[in-house]
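To start, the structure under review is shown below, and the notes come after it.
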Amino acid sequence: MSFTLISPFCILLLLTSWLLSSQGVIAAPVDQRTPPPTAREAVTLKYSISGSGTFYPYFTNNPQHPGILPDLVARILTQSAIEGENIVLPAKRTNRYLESGKIDFDLISPAWLKASQLTDPRFVFSDAMLPIREYVVTRAPAPSLNNLSGRMVGTVRGYYYHDDDEFVRVDFESERALIQALNKGRIDIAILGDLPAQYWSAQDNVALHFNQLHSHGTLHIRLRAEHAHLLPVLNQAIQTLRDSGQITQIETDYLQHVSTAQAPGNE
């Protein structure tokens, strides 16, 4: 058996290191390249949901009762604990702003989009929120218009139409302008959402014929892909609002103001 002698100087060094470490003076090395873990960064999502500006009852231009979509989006963001900023833009500019990243999301029905737009890697889509329909509309009953190929068709500037490479677009600034153009005979055919068409035809006293269904889909949040990590919380908020009946209530509150006298099938 043998012993290793430790000099008094070594013992002093060991005691000093122990005392300093116990008081927190000596700490483990920190890798300066790795930031400490933090909670999810706060983000303010910019969006535009105004459509043509006369997209009633989805958007009304009334600050007290702004429309189905502003009310719905506000509740989704509140439920998600995400800040939002609504930027009122014309439809065409909304598309440009979304593509360039100046806004972060809009609302859209995939039924309006072409296949290439549906698979655009710049965007992701939330769960469905609301059903939405659009019709081929004329002033009077007309023969079947299932084939619009080569026809001149009234459309809203900046709106998407899944088959607009088949017909000649005649763009107008809004749904209301389309109905007025139909009434004046400037166009014979238009594509219109059923609820805006019912509302503005009643307001302007223009009888319309809903010739046939053009698209039937659901509205979704179309979110820029860099925010895709927010989709789970947004989808959960949509589900919560749906399960609690709030989405149905928002629709009901606005739809009671829309005339049903000229609803599809009631002409």
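Of everything in the range 139-157 that is open to solvent by less than 80 Å² (accessible area, probe 1.4 Å) and modelled with pLDDT under 95, the residue that is farthest from Gln117 (Cα to Cα) is Ala140. For the criterion of being free of Cβ contacts under 8 Å to residues at least 40 places away in the same chain and under 18 Å from Gly51 (Cβ atoms), Asp194 fails. Every residue in the range 56-65 that is within 17 Å of Leu255 (Cβ to Cβ) and either open to solvent by less than 30 Å² (accessible area, probe 1.4 Å) or not aromatic (Phe, Trp, Tyr) (or both), please. Pro57, Tyr58, Phe59, Thr60, Asn62, His65 - these are the residues of the range 56-65 that are within 17 Å of Leu255 (Cβ to Cβ) and either open to solvent by less than 30 Å² (accessible area, probe 1.4 Å) or not aromatic (Phe, Trp, Tyr) (or both).
Listed by position, the helices (runs of 4 or more DSSP H) enclosed by the range 174-248 that each have at least 2 residues that are of a type in the set (D, E, K, R) and open to solvent by 10 Å² or more (accessible area, probe 1.4 Å) are 231-243. Filtered by the rule that a residue be surrounded by 15 or more Cβ atoms within 10 Å (Cβ to Cβ) and either at pLDDT below 95 or hydroxyl-bearing (Ser, Thr, Tyr) (or both), the range 107-117 gives a lone residue, Ser109.
Pairing each residue of the range 75-87 that is under 18 Å from Asp243 (Cα atoms) with any residue that is open to solvent by 40 Å² or more (accessible area, probe 1.4 Å) and part of a strand (DSSP E or B), provided the two are 6+ apart or on different chains, yields C-beta distances under 9 Å for Leu77/Glu83.
I'm checking my understanding of the structure. Among residues of the range 66-83 that are of a type in the set (Val, Ile, Thr) and more than 13 Å from the chain's Cα centre (by Cα), which one is most open to solvent (accessible area, probe 1.4 Å)? It comes out as Thr78.
One residue stands out in the range 118-129 among those that are open to solvent by 40 Å² or more (accessible area, probe 1.4 Å) and in contact (Cβ under 8 Å) with a residue 24 or more places away in the chain: the one that is nearest to the chain's Cα centre (by Cα), namely Phe125.
The single residue among Ile11, Ile26 that is in contact with a helix residue (DSSP H, G or I) (Cβ under 7 Å, 6 or more places away or on another chain), more than 30 Å from Leu230 (Cβ to Cβ), open to solvent by less than 100 Å² (accessible area, probe 1.4 Å) and at pLDDT below 50 turns out to be Ile26. Within the range 38-57, being at pLDDT 90 or above and among the small types (Gly, Ala, Ser) holds for one residue alone: Ser48.
Quickly run through the range 84-106 and pick out the residues that are open to solvent by less than 50 Å² (accessible area, probe 1.4 Å) and farther than 23 Å from Ala42 by Cβ.
Of the range 84-106, the ones open to solvent by less than 50 Å² (accessible area, probe 1.4 Å) are 84, 87, 89, 91, 94-95, 98, 101, 103-106.
Passing the criteria: Leu89, Ala91, Thr94, Asn95.
The values are calculated or read from the model by the stated rules, or taken from the named source; none is laboratory data. Keep in mind that this is a model prediction, so the values were computed, not measured. We place every Cβ from the backbone using ideal geometry, glycine too, and count neighbours over all the protein chains shown. Accessible surface areas use protein heavy atoms only, side chains included; no ligands, DNA or RNA. Shrake-Rupley method; radii C 1.70, N 1.55, O 1.52, S 1.80 Å.
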